[in-house]
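Below: one structure, written as structure tokens.
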Amino acid sequence: MTTPPARSVAQRTKDALHRLEHDVDVWVATAAPDGAAPHLVPLPFVWDGTSLLIATEADSPTGRGLVTTGRARLGIGSARDVVLIEGIAQAVTPEDLPEEDAEVFEGKTGFDPRRLADRHLYFRVVPQWVQDRREEDEPHGGELMRDGRWLAAG
């Protein structure tokens, strides 16, 4: 099996942005500052070009962790082709989310938290650090964003 050549940072950034624009689900990892066990769940998301919009039950471990810490670690893709994101999470109530954003979220994900009996919150996750990893031939680290700034044009 021939391994493709390593991608440039610009190509990796383009590939990561493509995944953000087209994938539907993201793994969301959170932990409470009180030492509670870390929590990992898959959630649907929408990328608006600057942040990911996710939604989960307000009283779930993920919802509580995001509210308490304001931080999340996200993973999009498979173990052999993954975009890792660390970001700042801000809770948005369904009442405070612009209607257009809620409609875009439902249209892409098929999920409308506003219509569920259990109270849900939306979260805007603004990436601060992004890493792209694919196979062994590419440099370990694969950092694409640092301190909220892309390292190469996408």
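The values are calculated or read from the model by the stated rules, or taken from the named source; none is laboratory data. Bear in mind the structure is a predicted one, so any value in this text is a computation, not a measurement. Here the Cβ positions follow ideal geometry from the backbone for every residue, glycine too, while neighbour counts run over all protein chains shown. Keep in mind that these areas ignore ligands, DNA and RNA; they rest on the heavy atoms of the full protein, side chains included. Shrake-Rupley method; radii C 1.70, N 1.55, O 1.52, S 1.80 Å.
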Problem - Filter result for Thr50 (under 22 Å from Asp112 (Cα atoms), of a type in the set (S, T, N, Q) and modelled with pLDDT of 95 or more) - result: yes
Completion exercise
A careful count of residues in segment 67-96 that are farther than 24 Å from Trp150 by Cβ and in contact (Cβ under 8 Å) with a residue 40 or more places away in the chain gives 1
Handout entry: Residue ID - farthest from Glu100 (Cα to Cα), chosen from residues in segment 25-48 that are surrounded by fewer than 19 Cβ atoms within 10 Å (Cβ to Cβ) and in contact with a helix residue (DSSP H, G or I) (Cβ under 7 Å, 6 or more places away or on another chain)
Key = Pro33
Fill in the blank from the handout: For segment 54-68 the number of residues that are surrounded by fewer than 18 Cβ atoms within 10 Å (Cβ to Cβ) and touching an Asp or Glu at 6+ places or on another chain (Cβ under 6 Å) is 1
Practice task
Select from segment 14-31 the residues that are of a type outside the set (A, V, I, L, M) and in a strand (DSSP E or B) and list them in ascending order.
Solution key: Asp25, Trp27, Thr30
Practice task
Of all residues in segment 86-138, count the ones that are under 27 Å from Gln11 (Cα atoms) and open to solvent by 40 Å² or more (accessible area, probe 1.4 Å).
Solution key: 12
Exercise for the section: Mind telling me which of the residues Ala55, Ala6 ends up being touching a residue at least 60 places away in the same chain (Cβ under 8 Å), out of contact with any Pro (no Cβ under 6 Å at 6 or more places or on another chain) and either at negative phi or aromatic (Phe, Trp, Tyr) (or both)? Expected result: Ala6
Problem - Flag for Thr56 being of a type in the set (S, T, N, Q) and closer than 19 Å to Val104 by Cβ - result: yes
Handout entry: Qualifying position, being under 20 Å from Trp129 (Cα atoms), exposed (fewer than 14 other Cβ atoms within 10 Å of the Cβ) and among the hydroxyl-bearing types (Ser, Thr, Tyr), among Ser51, Ser78
Key = Ser78
